[in-house]
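J.: Please read through the structure below; I'll follow up with questions.
The values are calculated or read from the model by the stated rules, or taken from the named source; none is laboratory data. Keep in mind it's a predicted model, so treat the numbers as computed, not measured. Cβ placement follows ideal geometry from the backbone for every residue including glycine, while neighbour counts extend to all protein chains displayed.
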Amino acid sequence: ADCAILIIAAGTGEFEAGISKDGQTREHALLAFTLGVRQLIVAINKMDTTKWSEDRFNEIIKETSNFIKKVGYNPKAVAFVPISGWHGDNMLEEST
């Protein structure tokens, strides 16, 4: 694959569990890089549950960037997209 989309849950506790030492978010990012996927998009899902909090979004970007940099990705080249799968926001069309 040329590109991977890493879906991260923005919900309180969900993000923290995924990014923890044994979390699946870490595992999936490492696996993608190990398999040769050099382009990464991070979709931050369930932003509706945070009332589209910009602070929460930026917190997740910061934490995720720190980790993916250690894996081998350049965080400046990674697109971070806030989405809501439940409502379809930013999935096929830009959210309004």
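J.: Would you check which residues across segment 47-76 are under 15 Å from Thr25 (Cβ atoms) and either without any contact (Cβ under 8 Å) to a residue 24 or more places away in the chain or of a type in the set (D, E, K, R) (or both) and list them? Talk me through it step by step, then tell me what you get.
T.: Here is the first cut: in segment 47-76, the residues under 15 Å from Thr25 (Cβ atoms) are 59-71, 73, 75.
Glu59, Ile61, Lys62, Glu63, Ser65, Asn66, Lys69, Lys70, Pro75, listed by residue number.
J.: Can you tell me how many residues within segment 16-56 are under 17 Å from Trp86 (Cβ atoms) and either in contact with a Leu (Cβ under 8 Å, 6 or more places away or on another chain) or assigned to a helix (DSSP H, G or I) (or both)?
T.: So the count comes out to 6.
J.: OK, next. Applying the selection to segment 42-68, what residues are at pLDDT 95 or above, within 14 Å of Glu14 (Cα to Cα), in contact with a Ser or Thr (Cβ under 8 Å, 6 or more places away or on another chain) and of a type in the set (A, V, I, L, M, F, W, C)?
T.: Phe57
J.: Any chance you could count how many residues in segment 4-33 are under 19 Å from Thr49 (Cβ atoms) and among the acidic types (Asp, Glu)?
T.: Final tally of qualifying residues: 2.
J.: So which residues in segment 73-96 are at pLDDT 95 or above, out of contact with any Leu (no Cβ under 6 Å at 6 or more places or on another chain) and part of a loop (DSSP other than H, G, I, E, B), if there are any at all?
T.: Correct list: Asn74 only.
J.: Filter segment 23-32 for residues that are in contact with a strand residue (DSSP E or B) (Cβ under 8 Å, 6 or more places away or on another chain) and buried (at least 16 other Cβ atoms within 10 Å of the Cβ); which is farthest from Asp2 (Cα to Cα)? First the steps, then the outcome.
T.: Let us first name the residues in segment 23-32 that are in contact with a strand residue (DSSP E or B) (Cβ under 8 Å, 6 or more places away or on another chain), namely 25, 28-29, 32.
The next check asks that each one be buried (at least 16 other Cβ atoms within 10 Å of the Cβ); those that pass are 25, 29, 32.
On the way: Thr25: 19, Ala29: 14, Ala32: 10 Å.
My answer is Thr25.
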